[in-house]
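Taking it in order: structure first as C-alpha cells, then the write-up.
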Amino acid sequence: MLKTALGRLRVVGLIEGVSYLVLLGIAMPLKYFADIPIAVTIAGGLHGVLFILFMLALAEVKFKHRWHLQRAFIAFILSLVPFGNFVLDKSLRRDQEMLTKSKVSMKQ
C-alpha cells in the first residue's frame, strides 16, 4: 500500500484522522476536565507532524495523478473535519482499485 502515492495518502490520512480524533476526544477533555495539559501537548504535536505528512502526500498525489485543484482542496477540507479523512479514504480506495484494474488490463 505504501508503494504508490495514493496508498501513502490513504495510510497517512487514516493515521492523521485517528490522531485528530484522539486530540479532540481524549486529549482536550483531559486538559480541560482533568487538568492534564500534557495530553494536548503530546497529541497536538503528533497530530501536527501527521498533518504536515498528509499535506505532503496530498501534494504528491495532486501532481502525480494530475488532480484538479478543486479535488485537492476538497481533500484538504475533509482533513479538517472530524471523520473527514475516513470519508476521503473511501474515495481514494475506489481510485486505487480503478488504477489497479486499468494496469492489469493494460498488461493483458
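Consider the range 34-51. How many of its residues are of a type in the set (Val, Ile, Thr), closer than 17 Å to residue 9 by Cβ and in contact with a helix residue (DSSP H, G or I) (Cβ under 7 Å, 6 or more places away or on another chain)?
Going through the range 34-51 one residue at a time, the tally reaches 0.
What pairs come out if I take residues in the range 37-51 that are on the phi < 0 side of the Ramachandran plot and in contact (Cβ under 8 Å) with a residue 60 or more places away in the chain and pair them with residues that are surrounded by 13 or more Cβ atoms within 10 Å (Cβ to Cβ) and assigned to a helix (DSSP H, G or I) whose C-beta lies under 6 Å away, six or more apart or interchain?
Here the result reads none, with nothing in the range 37-51 linked to a residue that is surrounded by 13 or more Cβ atoms within 10 Å (Cβ to Cβ) and assigned to a helix (DSSP H, G or I).
Pairs under 9 Å by beta carbon, first residue more than 15 Å from residue 92 (Cβ to Cβ) and among the aliphatic types (A, V, I, L, M) in the range 58-70, partner in a helix (DSSP H, G or I) and at pLDDT 95 or above, six or more apart or different chains?
If the second residue must be in a helix (DSSP H, G or I) and at pLDDT 95 or above, the pairs left are 69/62.
Considering only the range 29-47, I want to know if a residue exists there that is out of contact with any strand residue (DSSP E or B) (no Cβ under 6 Å at 6 or more places or on another chain), under 18 Å from residue 87 (Cβ atoms), of a type in the set (A, V, I, L, M, F, W, C) and surrounded by 16 or more Cβ atoms within 10 Å (Cβ to Cβ).
No, the range 29-47 has no match at all.
In the range 76-101, what count of residues is obtained for those that are part of a helix (DSSP H, G or I) and touching a helix residue (DSSP H, G or I) at 6+ places or on another chain (Cβ under 8 Å)?
Residues in the range 76-101 being part of a helix (DSSP H, G or I) and touching a helix residue (DSSP H, G or I) at 6+ places or on another chain (Cβ under 8 Å): 15 in total.
Among 54, 63, 73, which is the only one that is assigned to a helix (DSSP H, G or I), under 21 Å from residue 15 (Cβ atoms) and not hydroxyl-bearing (Ser, Thr, Tyr)?
Just a single option satisfies the conditions, and that option is 54.
Are there any pairs with C-beta distances below 8 angstrom linking a residue in the range 1-14 that is in a loop (DSSP other than H, G, I, E, B) to a residue that is not basic (Lys, Arg), with the two at least 6 apart or on different chains, and if so which?
Final answer for the pair search is 1/7; 1/11; 2/11; 4/96; 4/99.
The values are calculated or read from the model by the stated rules, or taken from the named source; none is laboratory data. Owing to the predicted nature of the structure, the values given are computational and were not obtained by experimental measurement. Note that each Cβ is placed from the backbone with ideal geometry, even for glycine, and that neighbours are counted across all protein chains shown.
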